[in-house]
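Reviewing the structure listed below.
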Amino acid sequence: MSFINYASREINCKIVYYGPGLCGKTTNLQFVYQKTAPEAKGKMISLATETERTLFFDFLPLALGEIRGFKTRFHLYTVPGQVFYDASRKLILKGVDGVVFVADSQEERLDANIESMENLKDNLEEQGYQLENLPFVVQYNKRDLPNTTPVEELRDLLNPREVPDFEACATTGQGVFETLKAVAKLILIDLKKGGR
Amino acid sequence: MLGPQSPFVMYDEEYKRINAAIEKLLRESNSKSIFLVDKNGQLIAGVGETDNLDTTSLASLTAGNIAATGGLAQLIGEKEFSILFHEGEKDNLHISIVAGRVILLVIFDQRSSLGLVRLRVKKGSEELAVIFEDLAKKGEQQAGTGPESPFAEITDDDIDNLFR
């Protein structure tokens, strides 16, 4: 649910990064944070455990500039990926405007990716959303590792509708901004159509 | 009522009314600052001593706090916990839900008290609830008409320009 403020001429939209544990959601946000000009970003908040696993969420506010005199802000959130944090994941999906699914390309994480994708669909439906109607992009992360599943196979399993998808290596930043731009663009096109 | 998928729209007139209402609450409750946040973590309005605060983070964490507490409430069979209170050494937070849809955050110190804040928040919430009701009605009325939307005419170039 985007927030359009005619009084302060601002639009705020919420983007959620979803995916299995250790797939690189937080790393995506950290890269965006590092590479964004100080005036365009707010503080990045990470509610994480002592071992830096996301406990509740990471949060990064970004101000992208103006569209037709309206300041455009995106609030980026990640969910905790570990299976047993499902209750927290549901809460973070509330009011989402666009979703990025970050897949872990390593062969041994294939099942975890599929499980997380099913979990995303279930949790969205519980909030009254359909994934098909939401701005949605997929990122195949960790392409730099040796034991990766071919992209075609990942695409067949995770992206049958062929939404925009990107190969990435979030630690070096490859594909990170491409993914963010794609989902932001889909959200704005959605707003243009006059809401869902 | 605001549906889960319709954008939340704020207009000048209601924004002024909301600010006036929370300014009044700020004076009457003797508090330091007051914020209104939507349940998704977006800041709607803020008054009082707001300069040294990271208000964006404040809004997001407040909403996270309410969401987590709401989850806890449902687990034990409650609809929600309508008031949260966090006590600090100097400053305290009083968080409550207004009209079931927005979060009212009051920051106060020893110049006020929990009792006074609770009392004033209760009264102020009723006033705010009326304004949000009007806002929801206005949003519904304007939803069908269309020309109000600043996005109806955005072009691909506008969108691309954001990412230069």
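Just so it is clear, none of the values below were taken in a lab; they were calculated from the coordinates. Not measured: the values here are computed from a predicted model. Here Cβ is always computed from backbone atoms with ideal geometry, including for glycine, and neighbour counts include all displayed protein chains.
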Between B:Leu61, B:Leu25, B:Leu128, where does the largest GNM mean-square fluctuation fall for chain B, given springs only between Cα atoms within less than 10 Å? B:Leu61
Dmax and Rg, reported as Rg then Dmax, of the protein assembly as shown (C-alpha, Å): 20.7, 64
Which listed pairs, of A:Lys41/A:Lys90; A:Lys25/A:Lys185; A:Lys14/B:Lys138; A:Lys14/A:Lys90; B:Lys79/B:Lys122, have C-alpha distances above 21 Å, in listed order: A:Lys41/A:Lys90; A:Lys14/B:Lys138
Along the charge dipole of the stretch A:3-192, which of A:Gln82, A:Leu29, A:Ser116 sits closest to the positive end, that is, farthest toward it, with unit charges on the beta carbon of Lys, Arg, Asp and Glu (+1, +1, -1, -1)? A:Leu29
Choose one answer from B:Lys137, B:Lys32, B:Lys79: the residue with the largest mean-square fluctuation in a GNM of chain B with alpha-carbon springs under 10 Å. B:Lys79
Output the 0 to 90 degree angle, nearest 10, between the alpha-carbon long axis of helix B:114-143 and the longest principal axis computed from the alpha carbons of chain B. 10 degrees
Would you please report the Å³ per residue occupied by the convex hull of the alpha carbon atoms in the stretch A:53-130? 119 Å³
Rg (Å, one decimal) plus Dmax (Å, integer) for the alpha carbons of chain B? 17.6, 54
At q = 0.12, 0.20 Å⁻¹, what is the base-10 log of I(q)/I(0) for chain A according to the Debye formula with one equal point scatterer per Cα and no solvent? Please give it to two decimals. -0.55, -1.59
Around A:Ser116, with a cut-off of 11 angstrom between Cβ atoms, what is the net charge of the other residues, counting Lys and Arg +1 and Asp and Glu -1? -2
When A:Thr36, A:Thr27, A:Thr179 are arranged by how many other beta-carbons sit within 10 Å of their Cβ, fewest first, they go A:Thr36, A:Thr27, A:Thr179
Over the stretch B:1-148, what is the relative contact order in whole percent, taking alpha-carbon pairs under 8 Å and six or more residues apart? 27 percent
Which residue, B:Asn65, B:Gly124, A:Leu188, has the largest displacement toward the positive end of the dipole of the protein assembly as shown when charges sit on each Cβ (Lys, Arg +1; Asp, Glu -1)? B:Gly124
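If you take the Cα atoms of the stretch A:15-106, find Rg, then find the Kirkwood Rh from the mean of 1/r over all pairs, what is Rg/Rh?
0.99
Where does the stretch A:73-169 land on the Kirkwood hydrodynamic radius, alpha-carbon pairs, in angstrom?
On the way: mean 1/r = 0.0713 Å⁻¹.
Answer for the stretch A:73-169: a Kirkwood hydrodynamic radius of 14.0 Å.
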